[in-house]
1. For segment 81-133, what is Rg from Cα atoms divided by 2.2 N^0.38 Å, rounded to two decimals?
2. Report the label-to-label distance for residue 46 and residue 113 in nanometres (one decimal), using points 7 Å from each Cα along the Cα→Cβ vector.
3. If I take every Cα pair under 8 Å that is 6 or more residues apart in segment 51-116, average their sequence separation and divide by the length, what percent do I get for the relative contact order?
4. Once the Cβ-Cβ distance between residue 62 and residue 131 is put in as r, and R0 is 25 Å, what FRET efficiency do you end up with, to the nearest 0.05?
5. Provide 139, 167, 34, 178 in ascending order of the number of other Cβ atoms located within 10 Å of each residue's Cβ, fewest first.
6. What is the Å³ per residue value for the convex hull set by the Cα atoms of segment 22-188?
7. Could you please state, rounded to a whole Å, how far the C-alpha centre of segment 36-72 is from the C-alpha centre of segment 94-139?
8. Find how much the distance from residue 187 to residue 76 grows on full extension, using 0.36 nm per residue of separation minus their present alpha carbon separation; answer in nm with one decimal.
């Protein structure tokens, strides 16, 4: 068995500065533009605890996360997964440094299947976020979720990340392997 730290999209390699695969902008009514990201991938039965599955690469730090939906086949003994923020380029540094790997979702079991991305039946990938922070973060951008108080303009470094990878982290990966589909909805901040 092996610990994984990989981008789940085979078309993405380290160091690319592209938008996440399969993303698109949509205009909603009179509100903000929305960004929808989606991916699907397989967790192997040989993957180890501590594996990091990078769902979306270089996600703009100014996006506001609104919702995450997760569908999966059953994963025997896959009882503890988190959804959170990491620095890009296969970094193992979470944002914030303490709790960043589970800032959106913590301790989620995938031992039973959730076979649909229908919002009424899919797993809520932001359950931890909304349970632990209530409504205080509903309009916060990713850099604020990561613990920063401002985001630098793109032309300056300012010492703050301008993008994050959104990752699924396996504390207890399980033994059966499974197939995942994930959709996330953001508003432009």
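Laboratory data are not the source of any read-out in this text; all were calculated from the coordinates shown. Predicted model only: the values in this text are computed from it and were never measured. Backbone-built Cβ (ideal geometry, glycine too); neighbour counts: all protein chains shown.
1. For segment 81-133, the normalised Cα radius of gyration comes out at 1.26.
2. According to this spin-label approximation, the distance is 2.5 nm.
3. Details: 92 pairs, mean separation 26.2, N = 66.
In percent, rounded to a whole number, it is 40.
4. Step by step, r from the Cβ atoms, then E = 0.50.
5. Least crowded to most crowded, the residues run 139, 34, 178, 167.
6. Taking the convex hull of the Cα positions in segment 22-188, it is 118 Å³ per residue.
7. Here the two parts' Cα centres lie 11 Å apart.
8. Result: 36.5 nm gained on full extension.
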